[in-house]
Amino acid sequence: MDDVNPRIRLLRNALLLETVPESELEQLSSLVRTVELAVAETFTVRGQPSPGMVLVEQGSLEVLLDATPICTLSPGSVFSEDSLVSNAPAPATLRAALPSRIGVLERAAVEEQIENMPHLWEQLDRAWRHRVLVARLYAIDLFRDLTAEARLRLADAFEEIDLPAGSLLAEDGKVLESFFVIREGQAELHLAEGDGPSSVPLRSGEYVGDLALLEDFPQTATVSAPYGLRAMKLDRAAFAKAIDADGLREVQAAAARRKESIL
């Protein structure tokens with residue numbers, strides 16, 4: 001094993017990548033860029049855009065929350081795996097405690113080559129569904145009372161779709177039969193003419209048509225994808241297959257409470 005690329009060993013330390021085959025890790029290692037840090041040099045700042053997943057190769061990095069050190073990263077450590085899955089901001093500040101060398105794997109670089117790494121894509125997609133999409137479902141009142149297992153089943157039941165520029169997710173006055181969660185890109189919610197803005201942007205994590213999983217009703221606004229986007233789609237058939245009787249009762253009860261609060 002001594003002839004194994006040292007960066008492959010580092011990549012193996014990421015839980016997200018532990019089942020990815022070595023041939024794909026070899027490709028992934030070629031995408032890692034090297035960054036040298038001087039003592040006390042800051043690399044990431046909490047709340048700012050994450051530069052990517054960090055692999056500590058030499059030295060030592062402090063992890064800080066609100067300027068307070070909470071732990072130290074030694075060689076072999078991996079930081080911010082989730083940056084390969086979503087565009088969430090950096091979860092903490094990283095500052096070099098010693099002269100250090102790190103490897104940085106940027107999400108954009110991975111996505112450019114993802115078609116050549118199908119096993120990696122499966123891992124990243126599953127992680128996105130189980131970490132990001134499940135959390136989003138929990139934040140929606142319709143699905144909050146479901147068990148964690150039920151939300152996982154729903155997350156796995158979504159179909160990923162790429163919508164070309166000019167597509168419609170919903171149309172004013174027409175019945176919608178699918179529930180959409182925006183994964184990447186931006187949609188536009190078009191409002192009736194009035195004193196406010198004529199449209200409102202809908203970004204990653206926002207959704208359209210959750211009640212469409214339960215009943216027919218005309219939509220009250222049009223939602224378009226003027227520049228195209230990637231969305232997760234759950235239609236009624238997939239929803240019915242993924243949900244059990246107890247889960248369906250919970251969703252129907254939440255829908256009834258929502259209607260009561262509106263009336």
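Could you pull out the residue among ILE262, ILE243 that is farther than 21 Å from ALA165 by Cβ, aliphatic (A, V, I, L, M) and under 26 Å from the mean Cα position of the chain (by Cα)?
Exactly one of ILE262, ILE243 is farther than 21 Å from ALA165 by Cβ, aliphatic (A, V, I, L, M) and under 26 Å from the mean Cα position of the chain (by Cα), namely ILE243.
Would region 154-161 turn up any residue that is outside the structural domain of ARG249 (by TED's automatic domain parsing) and exposed (fewer than 15 other Cβ atoms within 10 Å of the Cβ)?
Here is the first cut: in region 154-161, the ones outside the structural domain of ARG249 (by TED's automatic domain parsing) are none.
So far as region 154-161 goes, no, none of its residues is outside the structural domain of ARG249 (by TED's automatic domain parsing) and exposed (fewer than 15 other Cβ atoms within 10 Å of the Cβ).
With the requirement that a residue be under 18 Å from ASN13 (Cβ atoms) and surrounded by 15 or more Cβ atoms within 10 Å (Cβ to Cβ), what does region 76-91 give you? Break it down stepwise before answering.
Applying the first criterion (under 18 Å from ASN13 (Cβ atoms)) to region 76-91 yields 76-85, 91.
Scanning region 76-91 gives SER77, VAL78, PHE79, SER80, GLU81, ASP82, SER83, LEU84, VAL85, PRO91.
Whether any residue in region 214-230 is assigned to a helix (DSSP H, G or I) and either surrounded by 14 or more Cβ atoms within 10 Å (Cβ to Cβ) or without any contact (Cβ under 8 Å) to a residue 40 or more places away in the chain (or both) is what I want to check. Even if it seems obvious, please write down each step before you answer.
Residues of region 214-230 that are assigned to a helix (DSSP H, G or I), as a first pass: none.
Checked against the condition, which is being assigned to a helix (DSSP H, G or I) and either surrounded by 14 or more Cβ atoms within 10 Å (Cβ to Cβ) or without any contact (Cβ under 8 Å) to a residue 40 or more places away in the chain (or both), region 214-230 yields no hits at all.
Among the listed residues LEU133, LEU191, which satisfies the condition of being in contact (Cβ under 8 Å) with a residue 24 or more places away in the chain and in the same structural domain as LEU214 (by TED's automatic domain parsing)?
LEU191
Restricting the search to region 41-78, which residues are hydrophobic (A, V, I, L, M, F, W, C) and touching an Asp or Glu at 6+ places or on another chain (Cβ under 7 Å)?
Keep residues of region 41-78 that are hydrophobic (A, V, I, L, M, F, W, C), which gives 43, 45, 53-56, 61, 63-65, 67, 70-71, 73, 78.
Result: MET53, single match.
Of (1) surrounded by 17 or more Cβ atoms within 10 Å (Cβ to Cβ); (2) small (Gly, Ala, Ser); (3) assigned to a helix (DSSP H, G or I), GLY103 satisfies all except one. Which?
If we test GLY103 against (1) surrounded by 17 or more Cβ atoms within 10 Å (Cβ to Cβ); (2) small (Gly, Ala, Ser); (3) assigned to a helix (DSSP H, G or I), just (3) comes out false.
May I ask you to list the residues in region 211-236 that are out of contact with any Asp or Glu (no Cβ under 8 Å at 6 or more places or on another chain) and either of a type in the set (Lys, Arg) or outside the structural domain of ILE182 (by TED's automatic domain parsing) (or both)?
Scanning region 211-236 gives no hits.
Taking the criterion of being part of a strand (DSSP E or B), of a type in the set (Lys, Arg) and touching a helix residue (DSSP H, G or I) at 6+ places or on another chain (Cβ under 8 Å), would at least one residue in region 175-185 satisfy it?
Here is the first cut: in region 175-185, the residues part of a strand (DSSP E or B) are 175, 178-185.
Narrowing the set further to residues that are of a type in the set (Lys, Arg) leaves 183.
So of that shortlist, the ones also touching a helix residue (DSSP H, G or I) at 6+ places or on another chain (Cβ under 8 Å) come out as 183.
Yes; the residues of region 175-185 include at least one that is part of a strand (DSSP E or B), of a type in the set (Lys, Arg) and touching a helix residue (DSSP H, G or I) at 6+ places or on another chain (Cβ under 8 Å).
Scanning for something buried (at least 16 other Cβ atoms within 10 Å of the Cβ), among the aromatic types (Phe, Trp, Tyr) and over 27 Å from ARG126 (Cβ atoms), does region 42-63 turn up at least one residue?
Yes: one or more hits.
Looking at region 4-28, which of its residues are free of Cβ contacts under 8 Å to residues at least 40 places away in the same chain, closer than 20 Å to ARG101 by Cβ and either assigned to a loop (DSSP other than H, G, I, E, B) or touching a Phe, Trp or Tyr at 6+ places or on another chain (Cβ under 7 Å) (or both)?
VAL4, ASN5, listed by residue number.
Which of the residues spanning region 34-66 are outside any strand (DSSP E or B) and within 22 Å of SER86 (Cβ to Cβ)?
Keep residues of region 34-66 that are outside any strand (DSSP E or B), which gives 38-41, 45-48, 50-52, 59-60, 66.
Answer for region 34-66, where residues must be outside any strand (DSSP E or B) and within 22 Å of SER86 (Cβ to Cβ): VAL45, ARG46, GLY47, GLN48, SER50, PRO51, GLY52.
Only residues that are part of a loop (DSSP other than H, G, I, E, B) and either touching a strand residue (DSSP E or B) at 6+ places or on another chain (Cβ under 8 Å) or among the polar types (S, T, N, Q) (or both): list them for region 137-163, please.
The first filter runs over region 137-163 and keeps only residues part of a loop (DSSP other than H, G, I, E, B), leaving 139-147, 158.
Answer for region 137-163, where residues must be part of a loop (DSSP other than H, G, I, E, B) and either touching a strand residue (DSSP E or B) at 6+ places or on another chain (Cβ under 8 Å) or among the polar types (S, T, N, Q) (or both): ILE140, THR147, PHE158.
Tell me yes or no: at least one residue of region 95-109 is farther than 30 Å from LEU214 by Cα and of a type in the set (Val, Ile, Thr).
yes
The values are calculated or read from the model by the stated rules, or taken from the named source; none is laboratory data. Everything numeric in this text was worked out from a predicted model, so none of it was measured. So basically every Cβ, Gly included, is an ideal-geometry build from the backbone, and we count neighbours across all protein chains shown.
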